[in-house]
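S.K.: Structure below; questions to follow.
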Amino acid sequence: MKYVSTRGRAPELEFEDVMLAGLARDGGLYVPSSWPEFSPKQIAAMRGASYAQIAFQVMAPFVGSSISKDEFQALIDQAYAGFAHNAVAPLVQADADLWILELFHGPTLAFKDFAMQILGALMDRALTKRGARATILGATSGDTGGAAINAFAGREQIDIFILYPHGRVSDVQRRQMTTAPEQNVFNIALEGTFDDCQAVVKALFNDLEFRDSYQVSGVNSINWARIMAQIVYYFSSAVALGAPDRPVSFSVPTGNFGDIFAGFVAKKMGLPIEQLVIGTNVNDILVRTLETGIYQPQGVNATYSPSMDIQVSSNFERLMFEMAGRDAGRIVALMNDLEQTGHFKLSDNEVSPMRAQFQAVRIDETQTFETIQSVYQDNHYVIDPHSAIALAAGAKCLQKGVPMVALSTAHPAKFPSVVTKATEENVDQPARLQAQLQAQERLEILANDVSLVKEYIAGKTRVGGTAG
Ligand SMILES: *Cc1c(COP(=O)(O)O)cnc(C)c1O
């Protein structure tokens, strides 16, 4: 399987190089040169298989010959063995046609673990094989950082630097990152928003000299391997609810468009998905874009669902590439518009198929709060604010007889203050969280300045530093 950049000016690469690169050298995002497809018969055969078995089948076409079957299955088994539920991604019924897909049983209690655990194993393997090292650089709105640090801490070939917006992640999220004692872990609290963190990371990736000197690698959802791992639970849950014999819909709490793009790919691969619902909080750039065709980032508001407090939705570029008939020149033009004028406008030909494939629903703070409250009152089931957005958005789009699966992306214990207020109960803390909350924190507060961040990384990473 070859991969191409959405901006068309980077070399075509195989899976392993795409994974190690993160962002393409032309600033674009890598996508497979074509989408693998499963027949209904192949999908039906996934019934009754374990999560790890389905994961192997869904991901195998994307990794190609870069890894042997047995070794790949073993890495997958290991990646999901540590999840605190035997089903790995269990479904819970919320209402007649409404289901909750629990994606928070991993080590850091958010769905980011699904991709990060396997990515950590695959990267370590690729680097060891090549006798190489990497400096991993990532921006986080809260959950990616913890999941990445859990997956990469202590790995000999890797140093990891995570930028998070100072004062804008929850206490639990921060501690999950800053309490890692391993010496290859560095936390940078940037004085800015998540979008600022993401912009610094992108600037450092586009500084090709810096990137090459320190073998910089990315684990944000710009990294194709993360999207790949997230396609799996669309298959596992849809099959459990009757696919391919009946269609299933999904509602996804969306920030950087990674998770819902994985759903779009699942559909391309032959999974019968009826609706893909984009749930946003009041940071609703995606809702506005689908309505007007104009993509225009505005200021970011802090909400109950901080992991979605995003206005620059990176993976949207992958969707635009598909909708523009894979015309990379068009993507370059749109991205230039965005840089020069602060917005771009999609043509009717581009936005109409988006409207046909997606519905976008904005859930405000009151609706989020009331959803946590009512789910608790009706079912005695506690959900986190991100999952509440998925559930509320999904409920608005229900079609009779078509199961709607709301992705529950985080455990409520990660966001105790709003959850406690809405349920008037203390949130149960899983044991794996309690220890982290006590431990010593390590972090560096830095101004929102690319050169300061660059200097800090250069001074800490164990990777060479000799250009070329
Ligand atoms: C990251 C995150 C999201 C948003 O996912 P994207 O792939 O960025 O759209 C939603 N909920 C939680 C809890 C998250 O951590």
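Laboratory data are not the source of any read-out in this text; all were calculated from the coordinates shown. Bear in mind that the values here come from a model prediction, so they are computed numbers and not experimental data. All Cβ positions, glycine included, derive from the backbone under ideal geometry; neighbour counts span all protein chains shown.
S.K.: Normalised by the empirical 2.2 N^0.38 Å for globular proteins, what value does the Cα Rg of the chain take?
M.R.: Taking N as the residue count of the chain, the ratio is 0.91.
S.K.: Next question, about the same structure. Which longest uninterrupted range of the chain lacks any trypsin sites (Lys or Arg not before Pro) assigned by DSSP to a loop state (not H, G, I, E or B) and surrounded by at most 15 other Cβ atoms within 10 Å?
M.R.: Free of exposed loop sites, the longest segment is 48-325.
S.K.: Just want to confirm a number: the relative contact order over the chain, from Cα pairs under 8 angstrom separated by 6+ residues, in percent.
M.R.: 20
S.K.: Provide the gained length on full extension for the span A84 to D337, in nm with one decimal, where the gain is 0.36 nm per separating residue minus the Cα-Cα distance.
M.R.: Fully extending the segment from A84 to D337 adds 86.5 nm.
S.K.: Decide, for region 414-468, between rounded, prolate and oblate: order the square roots of the alpha carbon gyration tensor eigenvalues as a ≥ b ≥ c, take rounded if a/c falls under 1.5, and otherwise choose prolate if a/b is larger than b/c, else oblate.
M.R.: Prolate shape, in that a/c is at least 1.5 and a/b is the bigger ratio.
S.K.: Within a Cβ distance under 10 Å of A328, other residues only, what is the Lys/Arg minus Asp/Glu net charge?
M.R.: +2
S.K.: Mind checking which aspartates and glutamates have their Cα closer than 20 Å to the Cα of K421? Skip sequence neighbours fewer than 8 apart in that chain.
M.R.: Result set, ordered by chain and number: D171, D364, E365, E370, D378, D384.
S.K.: Still on this structure: Would you kindly state how much longer the chain becomes between K345 and D364 on full extension, computed as 0.36 nm times their sequence separation minus their alpha carbon distance, in nm to one decimal?
M.R.: 4.3 nm
S.K.: While we're here: Expressed in nm to one decimal, what extension gain is obtained for the pair M1 and S33 from 0.36 nm per residue of sequence separation less their Cα-Cα distance?
M.R.: Between M1 and S33, full extension yields 10.8 nm more.
S.K.: Using the Cα centre of the chain as origin and beta-carbon charges of +1 (Lys, Arg) and -1 (Asp, Glu), tell me which of V405, F316, I231 is placed farthest towards the positive end of the dipole.
M.R.: The residue sitting most towards the positive pole is I231.
S.K.: With each run of n ≥ 4 DSSP H residues scored as -39500 (n - 2.57), what mean residue ellipticity at 222 nm is computed for the chain after dividing by its residue count and rounding to the nearest 500 deg cm²/dmol?
M.R.: Taken over the chain, the calculation gives -14000 deg cm²/dmol.
S.K.: Let me ask something else. In the chain, if the dipole is taken from +1 on Lys/Arg beta carbons and -1 on Asp/Glu beta carbons about the Cα centre, which of T461, I76, Q359 is farthest to the positive end?
M.R.: It is I76, whose Cα lies furthest towards the positive end.
S.K.: Report ³J(HN,Hα) in whole Hz for each residue of region 355-362, in order, from the Karplus equation J = 6.51 cos²θ - 1.76 cosθ + 1.60 where θ = phi - 60°; Gly and Pro get x.
M.R.: Taking θ as phi minus 60°, the curve returns 5, 6, 8, 10, 10, 10, 10, 9 Hz for region 355-362.
S.K.: Take the alpha-carbon centre of region 163-240, take the same for region 355-417, and report the distance between them in whole Å.
M.R.: Comparing the Cα centres of region 163-240 and region 355-417, I get a distance of 25 Å.
S.K.: What ³J(HN,Hα) values, in whole Hz, does the Karplus curve 6.51 cos²θ - 1.76 cosθ + 1.60 give for region 267-284 when θ = phi - 60°, with x put for Gly and Pro?
M.R.: Working through the residues one at a time gives 5, 4, 7, x, 6, x, 9, 6, 10, 10, 9, 8, x, 10, 8, 5, 7, 10 Hz.
S.K.: Based only on other Cβ atoms within 10 Å, what is the fewest-to-most ordering of W99, W35?
M.R.: Arranged by neighbour count, lowest to highest, W99, W35 become W35, W99.
S.K.: Still on this structure, please answer the following. Quick check for me: using +1 on Lys/Arg Cβ and -1 on Asp/Glu Cβ, what's the dipole size of region 17-76 about its Cα centre, in debye to the nearest 20?
M.R.: Roughly 240 debye, rounded to the nearest 20.
S.K.: One-quarter of the Cα convex hull surface for region 135-191, in nm²?
M.R.: Its Cα hull, projected and averaged over all orientations, spans 3.3 nm².
S.K.: Place a +1 charge on the Cβ of each Lys and Arg in region 403-458 and a -1 charge on the Cβ of each Asp and Glu, then give the dipole magnitude about the Cα centre in debye, rounded to the nearest 20.
M.R.: Magnitude of the dipole: close to 140 debye.
S.K.: Considering only DSSP states other than H, G, I, E and B, which GluC sites (Glu not before Pro) in region 1-93 qualify as loop sites with at most 16 other Cβ atoms within 10 Å?
M.R.: Those that pass, being in a loop and sparsely packed, are E12, E37.
S.K.: Next question, about the same structure. For F358, F111, F261, what's the fewest-to-most ordering of other Cβ within 10 Å of each Cβ?
M.R.: Listing F358, F111, F261 from fewest to most nearby Cβ atoms yields F358, F261, F111.
S.K.: Taking the convex hull of the alpha carbon atoms in region 159-268, what volume per residue do you get, in Å³?
M.R.: Considering the Cα atoms of region 159-268, their hull volume per residue is 139 Å³.
S.K.: Sort D284, D17 so that the residue with the fewest other Cβ atoms within 10 Å of its own Cβ comes first and the one with the most comes last.
M.R.: So the residues, fewest neighbours to most, are D17, D284.
S.K.: Spin-label point model (7 Å from Cα, Cβ direction): what's the E444 to R432 distance in nm?
M.R.: The modelled label-to-label distance comes out at 2.9 nm.
S.K.: Moving to a separate point now. Just for the chain, what percent of DSSP beta bridges are antiparallel, to the closest 5?
M.R.: Beta bridges within the chain, antiparallel portion: roughly 25 percent.
S.K.: Separate question: Would region 1-125 count as rounded, prolate or oblate if I go by the C-alpha gyration tensor, calling it rounded below 1.5 in a/c and otherwise prolate when a/b exceeds b/c, oblate otherwise?
M.R.: Cα axes put region 1-125 in the prolate bin.
S.K.: Can you give the net charge of the other residues whose Cβ lies under 11 Å from the Cβ of S66, counting K and R as +1 and D and E as -1?
M.R.: Net of charged neighbours comes to -2.
S.K.: Taking 7 Å along the Cα-to-C-beta vector as the label spot, tell me the Q373-A356 distance in nanometres, rounded to one decimal.
M.R.: Each label point is offset 7 Å from its Cα along the Cβ direction, giving 4.2 nm.
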